[in-house]
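Q: The structure follows.
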Amino acid sequence: MNAPTHQLARQMANAIRMLAVDAVEKAKSGHPGAPMGMADIAEVLWNRHLRHNPANPHWPDRDRFVLSNGHGSMLIYALLHLTGYDLPMAELKNFRQLHSKTAGHPEVGVTPGVETTTGPLGQGITNAVGMALAEKLLAAEFNREEDGVDHDIVNHYTYAFMGDGCLMEGISHEACSLAGTLRLSKLVALYDDNGISIDGHVEGWFTDDTPKRFEAYGWHVIPAVDGHDPAAIDAAIRAAKAQAVLPHGKPTLICCKTVIGMGSPNKAGTHDVHGAALGATEVAATRESLGWTAAPFEIPAYIAAAWNALERGQTAEKAWRTRFEAYRSLYPLEAAEFERRMAGDLLPAFAGKLPELLAGIAARPDALATRKSSQNALDALSTLLPEFFGGSADLTGSNLTNFKGCEKAGRDTWGNHMSYGVREFGMAAIMNGIALHGGYIPYGGTFLTFSDYSRNAIRMAALMKIRVIHVFTHDSIGLGEDGPTHQSVEHIPSLRIIPGLDVWRPADGLETAVAWASAVQRKDGPSALCLSRQNLPCLTDVSMVDAIRRGGYVLSDMPGARAVIVATGSETSLAMEAQATLAAQGIATRVVSMPCTNAFDRQPTSYQDGVLPLSLPAVAIEAAHPDFWRKYVGRTGAVLGMHTFGESAPAKDLYAHFGITTQRLVEAVTKLAS
């Protein structure tokens, strides 16, 4: 791409600055400082390097761009508008207003051209690591070389802007350390080194030597680039891109020295411009300082024409599609598979063969920990899911996330299972990036109690409505001797209240397999599977598959039932034992298994009332905090659960100590039924 003259480049950058200034001023809310400070960097990247098509924001081999410092959202909104995306000026005028496409922080699925939702600092750069990892894996899987000719259908860069806040967040260490180890050489991060955060000049709380930090990670570092010199920025980006063709190329960090709020004569370089409108007087002074004579939200025609990327974007996509059709002629099966995977569709055979796979799992009578049942399900399902990309945060042997035939992904080795190291938060946000990129269904494992480390990334997956699967094992006091630091009490209830997250706590092998199938088939949000360490008996049969999918169902019923027992996971077998004991005492009951309350809550009211009749008293049992279950049993019902943290002891002793027992359940039901 040809570079504009120095004067035109500055005017193009000033267009970004003034759109940000005017939008924040109109909204009386927002962060003008970062867009003003990074405008020159943005002009160079978006106008000279970024390969994208505003007319088709989703073509597979586009470069990815992530604004990790998402509070500077007017930067990306200005870029999307100026380059020709479906983001009219009216939306910029509607910045931060209800139902606009220009929310306070960028949101994927809301604004055309936004690749990920950012705002929680550090997660954007971590998503970018996931995207770059997905690109490298897909390239290794699908690109071909024949007779000296490269047939590359996956060959793009991932660029990320980030600021001091992203680097202060610990997740940036988790992700960038792994990116260096994996040598993700098509990842380019541009650091807005302006020395300012909300509280002021950062030297009071952030004195890291960032270039040395990233060199230690194994990154290619370009330090001390003048972030307001287009030629220097351009040279740095070119040097970063050159890493991709080196035998041992590295991800690149470009450290750009900038002035926050560049162009504001009285607030530039201060924290006053970070997160507040400039005010009418300073807006006028900024216009004069930049020599910007256009009215608010008006872009001079010659600047608009220089920014418009529609023609070159369509040319870039057309060239790729020509290469792809040539690839298709040589590798038709691979081309079809690539298209399917990028569309997020499952193999046509998946739905047809799933019943047989589930029947095989249901036929196994063994008592197994549901973490082992999960691995069995993976063994069966993986034959139909070449897009599976699994992993664990240094707990593969405990989470059992590996499956028969999986290959370990490494620095220069394609694989479909990753050892992420002890990086729960990083793993979760990297999986978000993989899912957003497309081509893989990511899942990853850790202990349930460590879901706290991952929680904000789980929340972001739910907000973005992306298919990511979390495998959380050791889900209760049932893990035993490791004690209260590892025994989850509040985690399952707290995960259930994240909007859009399906939380499964299966009772046996079939419920576990159905949970996996449901998570895989669900394209509009993440799922969490909470699994036991201890063995659990087989309670279900294949006739119950459709009922299990509904999240809650009648597992065992008796004529003239006088009460309902609701249970999940490892406590479901206690419910069945209690039903038998109560029957011997002349009290008939119904046992409801509720492996996924989220799925159950989506069922019609008529179905819910059929499973949990309002006329019958109910008792719930779960080795977790009890308050969540009040929505099902009401104030007059009873809940057996954990009101305190656990203890270190064998699991059997802990269940007895905390009263999570058949006898306590029988007593509670007897009291209600009488």
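Q: Name the residues in segment 223-234 that are open to solvent by 30 Å² or more (accessible area, probe 1.4 Å) and more than 21 Å from Gln11 (Cβ to Cβ), would you?
A: Start the filter on segment 223-234 by keeping residues that are open to solvent by 30 Å² or more (accessible area, probe 1.4 Å), which leaves 223-224, 226, 229, 231-232.
Passing the criteria: Pro223, Ala224.
Q: Give the residue that is nearest to His105 (Cα to Cα), with candidates limited to residues of segment 1-44 that are of a type in the set (S, T, N, Q), in a helix (DSSP H, G or I) and touching a helix residue (DSSP H, G or I) at 6+ places or on another chain (Cβ under 9 Å).
A: In the first step, residues of segment 1-44 are kept if they are of a type in the set (S, T, N, Q); the result is 2, 5, 7, 11, 14, 29.
Now restrict to residues that are in a helix (DSSP H, G or I): 7, 11, 14.
Next cut, touching a helix residue (DSSP H, G or I) at 6+ places or on another chain (Cβ under 9 Å) only: 11, 14.
Working: Gln11: 25, Asn14: 21 Å.
Within segment 1-44, the match that is nearest to His105 (Cα to Cα) is Asn14.
Q: Identify, by number, the condition in (1) over 23 Å from Glu339 (Cβ atoms); (2) open to solvent by less than 10 Å² (accessible area, probe 1.4 Å) that Val468 doesn't meet.
A: In the conditions (1) over 23 Å from Glu339 (Cβ atoms); (2) open to solvent by less than 10 Å² (accessible area, probe 1.4 Å), Val468 misses (1) alone.
Q: Name every residue in segment 83-106 that is in contact (Cβ under 8 Å) with a residue 24 or more places away in the chain, among the aliphatic types (A, V, I, L, M) and not in a loop (DSSP other than H, G, I, E, B), in order of residue number.
A: Within segment 83-106, Met89, Leu92 qualify.
Q: Between residues in segment 107-125 that are free of Cβ contacts under 8 Å to residues at least 24 places away in the same chain and of a type in the set (Val, Ile, Thr) and residues that are in a loop (DSSP other than H, G, I, E, B) and open to solvent by 10 Å² or more (accessible area, probe 1.4 Å), which pairs lie under 6 Å by C-beta distance while being six or more apart or on different chains?
A: Here the result reads Val110/Lys101, each pair linking segment 107-125 to a residue that is in a loop (DSSP other than H, G, I, E, B) and open to solvent by 10 Å² or more (accessible area, probe 1.4 Å).
Q: Restricting attention to segment 143-155, and to residues there that are touching a Lys or Arg at 6+ places or on another chain (Cβ under 9 Å) and not in a strand (DSSP E or B), which single residue is farthest from Ala326 (Cα to Cα)?
A: Initially, segment 143-155 is screened for residues touching a Lys or Arg at 6+ places or on another chain (Cβ under 9 Å), giving 150-155.
Restricting the remaining residues to those that are not in a strand (DSSP E or B) gives 152-155.
Numbers: Asp152: 10, Ile153: 10, Val154: 14, Asn155: 15 Å.
Filtering first and then ranking leaves Asn155.
Q: Follow-up. Which one of Gly263, Gly249, Gly218, Gly269 is surrounded by fewer than 22 Cβ atoms within 10 Å (Cβ to Cβ), within 23 Å of Met12 (Cα to Cα) and not aliphatic (A, V, I, L, M)? Outline the logic, then answer.
A: Values: Gly263 fails: surrounded by fewer than 22 Cβ atoms within 10 Å (Cβ to Cβ); Gly249 fails: within 23 Å of Met12 (Cα to Cα); Gly218 fails: within 23 Å of Met12 (Cα to Cα).
Of Gly263, Gly249, Gly218, Gly269, the one residue that is surrounded by fewer than 22 Cβ atoms within 10 Å (Cβ to Cβ), within 23 Å of Met12 (Cα to Cα) and not aliphatic (A, V, I, L, M) is Gly269.
Q: For segment 338-371, what are the residues that are open to solvent by 40 Å² or more (accessible area, probe 1.4 Å), touching a residue at least 60 places away in the same chain (Cβ under 8 Å) and charged (D, E, K, R)?
A: Arg364, Asp366, Arg371
Q: Regarding segment 335-352, can at least one residue be identified that is more than 30 Å from Arg533 (Cα to Cα), modelled with pLDDT of 95 or more, aliphatic (A, V, I, L, M) and not in a helix (DSSP H, G or I)?
A: Within segment 335-352 (the criterion being more than 30 Å from Arg533 (Cα to Cα), modelled with pLDDT of 95 or more, aliphatic (A, V, I, L, M) and not in a helix (DSSP H, G or I)), the answer is yes, since at least one residue qualifies.
Q: Moving to a separate point now. Does Val154 qualify as being surrounded by fewer than 24 Cβ atoms within 10 Å (Cβ to Cβ) and over 20 Å from Gly33 (Cα atoms)? Full working, then the answer.
A: Numbers: surrounded by fewer than 24 Cβ atoms within 10 Å (Cβ to Cβ): yes; over 20 Å from Gly33 (Cα atoms): yes.
Considered against the rule, which asks whether it is surrounded by fewer than 24 Cβ atoms within 10 Å (Cβ to Cβ) and over 20 Å from Gly33 (Cα atoms), Val154 comes out as yes.
Q: Further, regarding this structure: Let me confirm something: among Ala175, Ala139, which residue is within 16 Å of the chain's Cα centre (by Cα) and among the hydrophobic types (A, V, I, L, M, F, W, C)? Working first, answer last.
A: Working: Ala139 fails: within 16 Å of the chain's Cα centre (by Cα).
The match here is Ala175.
Q: Tell me which residues, restricted to segment 303-334, are assigned to a helix (DSSP H, G or I), in contact (Cβ under 8 Å) with a residue 24 or more places away in the chain, closer than 30 Å to Arg17 by Cβ and not basic (Lys, Arg).
A: Correct list: Ile303, Ala304, Ala306, Trp307, Leu310, Gly313, Gln314, Ala316, Glu317.
Q: Test of understanding: among Gly195, Gly170, Gly200, Gly204, which residue is at positive phi and open to solvent by 10 Å² or more (accessible area, probe 1.4 Å)? Spell out how you get there, then give the answer.
A: Details: Gly170 fails: at positive phi; Gly200 fails: open to solvent by 10 Å² or more (accessible area, probe 1.4 Å); Gly204 fails: at positive phi.
Only one candidate qualifies: Gly195.
Q: Okay, moving on. Enumerate the strands (runs of 3 or more DSSP E) found wholly within segment 489-588, keeping only those where 3 or more residues are surrounded by fewer than 23 Cβ atoms within 10 Å (Cβ to Cβ).
A: Working: elements: 502-504, 527-530, 553-556, 563-567.
Filter on segment 489-588 gives 553-556.
Q: A follow-up question, please. Please find, among Arg48, Arg96, Arg62, the residue that is surrounded by fewer than 24 Cβ atoms within 10 Å (Cβ to Cβ), under 27 Å from the mean Cα position of the chain (by Cα) and closer than 22 Å to Gln314 by Cα. Write out each step before concluding.
A: Numbers: Arg48 fails: under 27 Å from the mean Cα position of the chain (by Cα); Arg96 fails: closer than 22 Å to Gln314 by Cα.
Answer to the selection: Arg62.
Q: Follow-up question, since we're still on this one. Take the residues in segment 322-337 that are out of contact with any His (no Cβ under 8 Å at 6 or more places or on another chain) and surrounded by 13 or more Cβ atoms within 10 Å (Cβ to Cβ); name whichever of them is farthest from Asn56 (Cα to Cα). Step through it out loud before you land on a result.
A: The initial filter retains those residues of segment 322-337 that are out of contact with any His (no Cβ under 8 Å at 6 or more places or on another chain), namely 322, 324-325, 328-329, 332-337.
From what is left, the residues that are surrounded by 13 or more Cβ atoms within 10 Å (Cβ to Cβ) are 324, 328, 334-335, 337.
On the way: Phe324: 16, Arg328: 21, Glu334: 23, Ala335: 20, Glu337: 21 Å.
Within segment 322-337, the match that is farthest from Asn56 (Cα to Cα) is Glu334.
Q: OK, next. Given the criteria open to solvent by less than 20 Å² (accessible area, probe 1.4 Å), hydroxyl-bearing (Ser, Thr, Tyr) and either touching a Ser or Thr at 6+ places or on another chain (Cβ under 7 Å) or farther than 23 Å from Ile458 by Cα (or both), does Thr181 qualify? Explain how you work it out, then say what you get.
A: Details: open to solvent by less than 20 Å² (accessible area, probe 1.4 Å): no; hydroxyl-bearing (Ser, Thr, Tyr): yes; either touching a Ser or Thr at 6+ places or on another chain (Cβ under 7 Å) or farther than 23 Å from Ile458 by Cα (or both): yes.
The answer is no for Thr181.
Q: Could you grab me the full set of residues in segment 617-651 that are closer than 25 Å to Leu448 by Cα and open to solvent by 30 Å² or more (accessible area, probe 1.4 Å)?
A: Of everything in segment 617-651, those that are closer than 25 Å to Leu448 by Cα and open to solvent by 30 Å² or more (accessible area, probe 1.4 Å) turn out to be His625, Asp627, Phe628, Arg630, Lys631, Tyr632, His643, Thr644, Phe645, Glu647, Ser648, Pro650.
Q: Limited to segment 593-609, what total is found for residues that are closer than 7 Å to Gly552 by Cα and either open to solvent by 10 Å² or more (accessible area, probe 1.4 Å) or of a type in the set (A, V, I, L, M, F, W, C) (or both)?
A: Result for segment 593-609: 3.
Q: When you go through Lys257, Lys241 one by one, which is the residue that is within 26 Å of Arg64 (Cα to Cα), in contact (Cβ under 8 Å) with a residue 60 or more places away in the chain and open to solvent by 60 Å² or more (accessible area, probe 1.4 Å)? Before the answer, list the steps.
A: Details: Lys241 fails: open to solvent by 60 Å² or more (accessible area, probe 1.4 Å).
The unique qualifying residue is Lys257.
Q: Moving to a separate point now. If you check Leu672, Leu654, which single one turns out to be open to solvent by less than 30 Å² (accessible area, probe 1.4 Å) and assigned to a helix (DSSP H, G or I)? Don't jump to the end; show me each part of the working.
A: Details: Leu672 fails: open to solvent by less than 30 Å² (accessible area, probe 1.4 Å).
The match here is Leu654.
Q: Let me ask something else. Determine whether segment 56-78 contains at least one residue that is assigned to a helix (DSSP H, G or I) and of a type in the set (Lys, Arg).
A: Kept after step one, since they are assigned to a helix (DSSP H, G or I), are these residues of segment 56-78: 70-78.
Among the residues that remain, those that are also of a type in the set (Lys, Arg) are: none.
Within segment 56-78 (the criterion being assigned to a helix (DSSP H, G or I) and of a type in the set (Lys, Arg)), the answer is no, since none of the residues qualifies.
Q: Now for a separate question. When you go through (1) modelled with pLDDT of 95 or more; (2) farther than 23 Å from Arg183 by Cβ one by one for Pro365, which number turns out not to apply?
A: Looking at each condition in turn, Pro365 falls short on (1).
Q: Would it be correct to say that Lys136 is open to solvent by 20 Å² or more (accessible area, probe 1.4 Å), modelled with pLDDT of 95 or more and farther than 30 Å from Tyr453 by Cβ?
A: Details: open to solvent by 20 Å² or more (accessible area, probe 1.4 Å): yes; modelled with pLDDT of 95 or more: yes; farther than 30 Å from Tyr453 by Cβ: no.
No, not satisfied.
Q: Still on this structure, I have one more. Among the residues of segment 227-259 satisfying the criterion of being more than 17 Å from Asp40 (Cβ to Cβ) and of a type outside the set (A, V, I, L, M), which is modelled with the lowest pLDDT?
A: Among residues in segment 227-259 that are more than 17 Å from Asp40 (Cβ to Cβ) and of a type outside the set (A, V, I, L, M), the one modelled with the lowest pLDDT is Pro247.
Q: So for segment 59-72 (the condition being closer than 30 Å to Gly344 by Cβ and without any contact (Cβ under 8 Å) to a residue 12 or more places away in the chain), does at least one residue qualify?
A: No, segment 59-72 has no match at all.
Q: Being part of a loop (DSSP other than H, G, I, E, B), touching a residue at least 40 places away in the same chain (Cβ under 8 Å) and of a type in the set (Ser, Thr, Tyr) is the filter here, so list the residues in segment 268-302 that pass it.
A: Answer for segment 268-302, where residues must be part of a loop (DSSP other than H, G, I, E, B), touching a residue at least 40 places away in the same chain (Cβ under 8 Å) and of a type in the set (Ser, Thr, Tyr): just Thr270.
Q: If I ask for residues that are open to solvent by less than 10 Å² (accessible area, probe 1.4 Å) and either closer than 15 Å to Gly130 by Cβ or not small (Gly, Ala, Ser) (or both), which ones from segment 390-408 would you list? Can you show your working first?
A: Restricting attention to segment 390-408, the residues satisfying the condition of being open to solvent by less than 10 Å² (accessible area, probe 1.4 Å) are 390-393, 399, 401.
Passing the criteria: Gly390, Gly391, Ala393, Asn399, Thr401.
Q: With the structure loaded, tell me whether Val666 is in contact with a helix residue (DSSP H, G or I) (Cβ under 8 Å, 6 or more places away or on another chain), under 18 Å from Ala507 (Cβ atoms), aliphatic (A, V, I, L, M) and surrounded by 19 or more Cβ atoms within 10 Å (Cβ to Cβ) or whether it fails that test.
A: Working: in contact with a helix residue (DSSP H, G or I) (Cβ under 8 Å, 6 or more places away or on another chain): yes; under 18 Å from Ala507 (Cβ atoms): no; aliphatic (A, V, I, L, M): yes; surrounded by 19 or more Cβ atoms within 10 Å (Cβ to Cβ): yes.
Considered against the rule, which asks whether it is in contact with a helix residue (DSSP H, G or I) (Cβ under 8 Å, 6 or more places away or on another chain), under 18 Å from Ala507 (Cβ atoms), aliphatic (A, V, I, L, M) and surrounded by 19 or more Cβ atoms within 10 Å (Cβ to Cβ), Val666 comes out as no.
The values are calculated or read from the model by the stated rules, or taken from the named source; none is laboratory data. All figures in this text were calculated on a predicted structure; none of them were measured in a lab. When we count neighbours, we look across all protein chains shown, and the Cβ atoms used for this are built from the backbone with ideal geometry, even at glycine. Heads up: the accessible areas ignore ligands, DNA and RNA and are worked out on the full protein's heavy atoms, side chains in. Shrake-Rupley method; radii C 1.70, N 1.55, O 1.52, S 1.80 Å.
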